[in-house]
1. Classify segment 246-377 from the C-alpha gyration tensor, please: rounded if a/c falls under 1.5, else prolate or oblate depending on whether a/b exceeds b/c.
2. Which order do the peptides 59-69, 81-91 come out in when sorted by mean C-beta neighbours inside 10 angstrom, highest first?
3. Given the pairs K293/K313; K140/K379; K189/K317; K140/K170; K189/K379; K140/K243, which are separated by over 25 angstrom at their Cα positions?
4. Sketch the reach of a paramagnetic label on T353 as a point 7 Å from Cα along Cα-to-Cβ, and name the residues of segment 225-245 whose backbone nitrogen lies under 20 Å away.
5. Rounded, prolate or oblate: which one fits segment 158-211, using the alpha carbon gyration tensor with axes a ≥ b ≥ c (rounded when a/c is under 1.5, else prolate when a/b beats b/c, else oblate)?
6. At R0 = 25 Å, how high is the FRET efficiency between S71 and D127 if r is their beta carbon distance? Nearest 0.05 is fine.
7. Determine ³J(HN,Hα), in whole Hz, for all residues of segment 350-363 in sequence, where each value follows from phi through the Karplus function 6.51 cos²θ - 1.76 cosθ + 1.60 and θ = phi - 60°; x replaces Gly and Pro.
8. Using a probe of 1.4 angstrom, how much of the accessible area of segment 224-268 is carbon and sulfur, in percent?
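The values are calculated or read from the model by the stated rules, or taken from the named source; none is laboratory data. Computed from a predicted model, the values in this text were never measured in an experiment. Methodologically, a virtual Cβ is constructed for each residue, glycine included, from the backbone with ideal geometry; neighbour enumeration extends over all protein chains shown. Accessible surface is based on the protein model in full, side chains and every heavy atom, while ligands, DNA and RNA are left aside. Shrake-Rupley method; radii C 1.70, N 1.55, O 1.52, S 1.80 Å.
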Amino acid sequence: MVRNSSWVMGSIFLLMVKQSTCALTPSRTSNGTPHSVSSSQCTEELALIEPERLRQTVGSGRVYQHENFLSEEQVQVLLRDIQRLADERKMLPSGLSNTNKKEQNFDKNDRVVGPAPWWGDSLAGRDIENFEHLQVISKKIQKLRLQVSEALDRPTMVEAGYAHECYYSKSGEGSSLARHLDEFHEETKGPRGWLLPSRRSISWLIYLSDEDWDVVVNGGELRSFPQKEFIAEIGSTEVGSHKGNLQIGWLDRDVLSIPSPVYLDSWYKPPGKRGDAVEPHCALYVVEDGSEKYITMAWISTMMVASMTDFIKAQSKIKGQNIFIGQEFTTGFRLIEDRDTWVDGAFPPGTVTEDIPPVRGSIVMFDSVTVPHEVRVVKEGTRAAVAGWFHEETQPIPEGFY
């Protein structure tokens, strides 16, 4: 099992500068490099979000929307930048890749996307030459990242050196995006999942769509599938992760119970095992009364033939002996990534649908690991956005494991 506790191995793929955050002009060290600072230094700045509502909404696995995040003037600036990239043929068709096909065959009904060319300078705290208005927007988004980091208690999100992403998206009549997740547990990606220094943590979109967008007339709403009954207990049980272990499923004890997030612990050490020769085991658990309650036996992922998700799903279908400790856990467990249900167009068990209109100038944010979502067909008009992902640290080797 190949894992790395340091983010150095993946750093050649990232911007290696550090941003000093909230100040309009970054403070720098004696050698000229920007400081990396705590998000708490932003507390005196004007809040761009509602922190408590954001924490409760995101922690419950729902989509947070904040209107008037950008002014109309700022929206126009970004739309002109998108048009400039389109004129330079840098906005290209992109749907969701189907890895079972050798050719993706994207066409006019797919959205077009292009990287925001100013994003690298934005993360580095450098001025965006010849684009004064973009500079203001850039700083606003970086300030947002720090405020989100503090509000959600995801401290490593402040690191400007991580691979935070940003792109433009533009969708016309007939375009849509199939149901999907934006991020997955490191263990489900194989060894490469542990080699990258950071992972997607928060998905965000700032809408630049046509004015007076009406989902009945225009369509193009963002549809999510949150758990109907789950409400986060802040600081105890929230979607996404627990002590660095990412969520991969839900557990229903019975029809009357509230579902519990199921986390995958990839650094489980079986009782009685000692020494640096111990290979990390995997096990699933839920949180009860503030403590981990394991619902499976431990297994070694390198011994699996199937993918992690296929293995766990297959085990949950076995009526006899399997990895689950008790029948209630076998029948009550379900993966977040339920592709069979998605392909059929059905609603995942225990979920409701929530539709978010792409209101011009508004921002939406949600947890990248736990929120299945799709974009409904655009019936009329142009649905546009600047969007991306704020990253946080890939889970390191637990202290004292070896």
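1. Working: a/c = 1.96, a/b = 1.73, b/c = 1.14.
Since a/c reaches 1.5 and a/b is larger than b/c, the shape of segment 246-377 is classed as prolate.
2. Details: 59-69: 19.7, 81-91: 15.1.
Ranked from most to least packed, the peptides come out as 59-69, 81-91.
3. Details: K293/K313 20 Å; K140/K379 32 Å; K189/K317 22 Å; K140/K170 22 Å; K189/K379 36 Å; K140/K243 30 Å.
Violating the 25 Å Cα-Cα cut-off are K140/K379; K189/K379; K140/K243.
4. Counting backbone N atoms under 20 Å from the label point, the list is 225-230.
5. Details: a/c = 3.48, a/b = 1.72, b/c = 2.02.
Oblate shape, in that a/c is at least 1.5 and b/c is the bigger or equal ratio.
6. Values: r = 21 Å, r/R0 = 0.84.
Step by step, r from the Cβ atoms, then E = 0.75.
7. Values, residue by residue: x, 9, 10, 9, 10, 9, 10, x, x, 5, 3, x, 8, 10 Hz.
8. Details: 950 of 1810 Å².
The nonpolar share, carbon plus sulfur, comes to 52 percent.
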